Amino acid sequence: MNRRHDIDALRALAFGLVILYHVAMYYVADWPWHLKSPHAAEWLQLPMRALNLWRMDLVFLISGLALGFLQRGQGARALFRQRSWRLLLPLVFGMAVVVPFQAYAQGVANGSIAPGFGAFLLRYAAGGPWPKNAFDGSDFGVTWNHLWYLPYLWLYTSVLLLLLPALQSAAGRRLRRAFAGLRGATLLVVPALPLVLWSLTLWPHFPPTHDLIGDGWLHAVYFTLFLYGWWIGTDEGWWAEAARLRWPALGAALVLLAVCLGLRVLPSELAVPRQLVRLVADLYLWTALLAILGWGHVKLNRPWRWLPWANESVYPWYVLHQTVIIVAIWWLAPLQLGPAVEPAVLVLLTVAGCWAITALVRRTAWLRPLFGLKRRARLPRPSPDLQACRSAHNA
């Protein structure tokens with residue numbers, strides 16, 4: 001099977017957007033985050049909201065695609081063991097080593113925790129207890145912060161593998177063919193209908209929490225898109241249609257985004273129900289994803305020189321990036337560089353920090369599994385005959 005370079009590229013770019021999004025969270029006004037800048041800007045809310053409505057949805061759809069590729073030639077049990085190792089080990093390591101400074105910085109900034117990182121680590125290792133709202137997740141004693149994606153992905157992978165007998169039954173194959181066979185306007189609308197259903201039934205009762213347990217609405221949305229990714233796989237007809245619809249999908253997404261944002265800023269006397277805004281957002285979400293997949297298939301499906309590096313670096317960058325951002329803020333904030341210089345330096349420090357640490361991780365055998373990377377295959381030792389031939393040649 002030829003490698004799908006567009007999927008590799010979209011995966012790297014999607015996680016790159018996640019990193020930029022978290023840098024911007026420090027500066028966007030009125031949106032809670034671990035630390036907030038004195039230079040917070042309201043204008044950032046518009047691009048952040050446009051991105052927030054589909055950024056993680058794209059990541060989970062691509063994760064479903066990746067599972068479909070990995071599944072070829074592997075049994076469900078072997079695949080489950082492999083994915084559990086590569087998802088849960090980095091999660092545990094990240095919660096123990098990478099994430100704690102985020103919680104410490106947040107607790108010190110809001111006055112809930114006394115300065116002293118060593119004392120904080122001892123208390124964190126014991127599971128608290130902490131003052132209420134000391135940091136995100138403090139009610140549980142420890143936190144996974146931005147690493148919530150890993151347990152969610154492990155859950156969806158486990159559920160899909162358990163459902164394989166049903167998904168691969170005659171009825172399951174018919175459903176998959178029906179989805180892959182969507183064309184024209186039906187492809188623009190039908191896949192959004194389950195998302196609309198989840199917003200009508202679950203969204204009012206399950207606000208996003210990222211705590212795995214009480215996240216009913218997000219679970220329904222993310223698993224639906226994860227399943228879509230697994231379904232479309234390498235179906236050439238579906239991808240050709242996504243490419244053909246890239247302009248209509250992009251146009252529909254822009255119109256729906258304008259409507260969605262416009263409805264949010266209506267004066268109180270003209271305000272519409274919040275659920276209507278949510279339904280428009282669902283339609284925008286799907287058309288935006290379809291446009292991204294279509295354009296990506298047309299423009300990115302080639303062997304870019306940076307792809308091999310990105311494929312192996314994206315996981316460590318994801319694990320590291322938010323703590324690197326928080327550490328950089330911790331150093332930069334006292335310097336008072338201003339609202340123009342500071343964000344630029346923060347992005348540069350984040351990129352440099354992730355790049356440097358990932359370079360070390362990629363070259364260190366015992367660190368690689370802790371950041372989700374496969375162990376490097378050892379080169380076979382030369383045979384005695386070959387060594388003898390080399391010795392004779394050198395002589």
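The values are calculated or read from the model by the stated rules, or taken from the named source; none is laboratory data. What you see is a predicted model, and the numbers here were worked out from it, not measured in a lab. Please note: Cβ atoms are built from the backbone with ideal geometry, for glycine as well, and neighbour counts cover all protein chains shown. Ligands, DNA and RNA are stripped out before the accessible areas are found, and what is left, the full protein with its side chains, is counted by its heavy atoms. Shrake-Rupley method; radii C 1.70, N 1.55, O 1.52, S 1.80 Å.
Per residue, how much accessible surface does the chain expose to a 1.4 Å probe? Answer in Å², no decimals. Could the numbers behind the result be given before it?
Details: 19960 Å² over 395 residues.
I get 51 Å² per residue for the chain.
For the chain, averaging the sequence separation of C-alpha pairs within contact (under 8 Å, six or more residues apart) and dividing by the residue count gives a relative contact order of 23 percent.
The residue among Gly73, Ser63, Trp85 whose Cα reaches farthest toward the positive pole of the charge dipole of the stretch 1-91, with charges on the beta-carbon of Lys, Arg, Asp and Glu, is Gly73.
If a/c stays under 1.5 just call it rounded; otherwise compare a/b with b/c (prolate if a/b is bigger, oblate if not). Do that for the stretch 45-122, with a ≥ b ≥ c from the square roots of the Cα gyration tensor eigenvalues.
Numbers: a/c = 6.38, a/b = 1.53, b/c = 4.16.
It is oblate, given that a/c is not under 1.5 and a/b is not larger than b/c.
Taking Lys and Arg as +1 and Asp and Glu as -1, the other residues whose beta-carbon sits under 13 Å from that of Asp211 total -3. Straight-line reach from Lys36: taking Cα to Cα under 20 Å and skipping same-chain neighbours fewer than 8 places apart, the lysines in range are Lys132.
Mind running the shape call on the stretch 1-108? Use the C-alpha gyration tensor, a ≥ b ≥ c as the square roots of the eigenvalues: rounded below 1.5 for a/c, prolate if a/b tops b/c, oblate otherwise. The partial results should precede the final answer.
On the way: a/c = 3.59, a/b = 1.60, b/c = 2.25.
Here the stretch 1-108 falls in the oblate category.
Which FRET efficiency, nearest 0.05, do Thr201 and Phe80 yield, Cβ-Cβ r, R0 30 Å? E between Thr201 and Phe80, to the nearest 0.05, is 0.50. Estimated translational diffusion coefficient (Stokes-Einstein, Kirkwood radius over Cα pairs, 10 °C, 1.306 mPa s) of the stretch 233-328: 96 µm² per second.
What FRET efficiency comes out for the pair Arg305/Tyr21, r = Cβ-Cβ distance, R0 = 25 Å, nearest 0.05? Walk me through the numbers on the way to the answer.
On the way: r = 26 Å, r/R0 = 1.04.
Step by step, r from the Cβ atoms, then E = 0.45.
Starting from the stretch 57-146, pick out the trypsin sites (Lys or Arg not before Pro) whose DSSP state is loop and whose Cβ has at most 12 other Cβ atoms within 10 Å. Hits after loop and neighbour filter: Arg72, Lys132.
For the chain, set up a Gaussian network in which alpha carbons nearer than 10 Å are linked by springs, and say which option among Ser138, Ser169, Ser63 fluctuates the most. Comparing Ser138, Ser169, Ser63 in a Gaussian network model of the chain, the most mobile one is Ser169. Its Cα gyration tensor gives the chain an equivalent ellipsoid; the semi-axes, largest first and in whole Å, are 34, 33, 21. Note on the chain: GNM, Cα springs under 10 Å; of Ile357, Ile292, Ile62, the largest mean-square fluctuation is that of Ile357.
With a ≥ b ≥ c the root eigenvalues of the C-alpha gyration tensor of the stretch 298-371, is it rounded (a/c under 1.5), prolate (a/b larger than b/c) or oblate? Please list the in-between numbers first.
Details: a/c = 3.29, a/b = 1.49, b/c = 2.20.
Verdict is oblate for the stretch 298-371.
Only Cα pairs within less than 10 Å get springs; with that Gaussian network setup on the chain, which residue of Val255, Val298, Val314 has the largest fluctuation? In the Gaussian network model the winner is Val255. As a calculated quantity, the FRET efficiency between Leu164 and Arg264 at R0 = 51 Å, using C-beta atoms, amounts to about 0.80.
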